[in-house]
Ligand code: ADP
């Protein structure tokens, strides 16, 4: 069985992430979306909130599971016996950082963990969680970027009702 893990902060999940998850779910037998709880960034949403929003968004994909993890990704992979990591690439600006992380994970795992990159679908190439949060914080329209219930949760966080 081909199992892959898609790790990230998902603060919050966007249509860009969901597009990657859906495409990965068609390539692998099982995809685990692993939400990081030790990100260097201070997240807007709690780990539970982020996990819940993704679970609700992928409820129609029956080979996708949403979990959380802390510590090194390669330790999580070892524990779960996973050898494939999925990451999304939006632009050349993502590439340098992603390449470094992928090579680090390969090296640290003694070649047990490889990274598969999926390139963004063009209509989502501008999308990032940070941009979505910034627009929402000014009560801007984020409905093209995230599922409706994620948009509602974001507006509530910033004290807006929509
Ligand atoms: P990080 O893991 O750096 O905190 P995110 O949680 O925002 O990043 O994203 C997780 C993964 O999803 C990363 O590989 C990122 O490049 C990818 N990603 C984010 N937004 C998009 C998008 N719009 N299209 C494709 N991939 C994306």
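The values are calculated or read from the model by the stated rules, or taken from the named source; none is laboratory data. Since this is a predicted model, take the numbers as computed values, not measurements. Reconstructed Cβ throughout: ideal geometry from the backbone, glycine too, with neighbour counts over all protein chains shown.
Points worth noting:
- Residue selected from segment 73-87 under the condition outside any helix (DSSP H, G or I) and out of contact with any strand residue (DSSP E or B) (no Cβ under 6 Å at 6 or more places or on another chain), by the criterion nearest to residue 113 (Cα to Cα): 83
- Residue within segment 75-82 that is more than 15 Å from the chain's Cα centre (by Cα) and modelled with pLDDT under 95 present: no
Table: residues versus (1) in a loop (DSSP other than H, G, I, E, B); (2) buried (at least 21 other Cβ atoms within 10 Å of the Cβ); (3) within 14 Å of the chain's Cα centre (by Cα).
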position: 6; (1), (2), (3): no, yes, yes
position: 10; (1), (2), (3): yes, yes, yes
position: 21; (1), (2), (3): no, yes, yes
position: 24; (1), (2), (3): no, yes, yes
position: 31; (1), (2), (3): no, yes, yes
position: 42; (1), (2), (3): yes, no, no
position: 49; (1), (2), (3): no, no, yes
position: 52; (1), (2), (3): no, no, yes
position: 55; (1), (2), (3): no, no, yes
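- Scanning segment 18-30 for residues that are in contact with a helix residue (DSSP H, G or I) (Cβ under 8 Å, 6 or more places away or on another chain) and near the ligand (Cβ under 7 Å from one of its atoms) yields one hit, 19.
- Out of 38, 81, 63, sole residue that is surrounded by fewer than 17 Cβ atoms within 10 Å (Cβ to Cβ) and touching a helix residue (DSSP H, G or I) at 6+ places or on another chain (Cβ under 7 Å): 63
- Qualifying residue in segment 93-113 (condition: under 30 Å from residue 146 (Cα atoms) and not in a helix (DSSP H, G or I)): no
- Out of 61, 127, 118, sole residue that is touching a strand residue (DSSP E or B) at 6+ places or on another chain (Cβ under 9 Å) and either in a helix (DSSP H, G or I) or within 13 Å of the ligand (Cβ to nearest atom) (or both): 118
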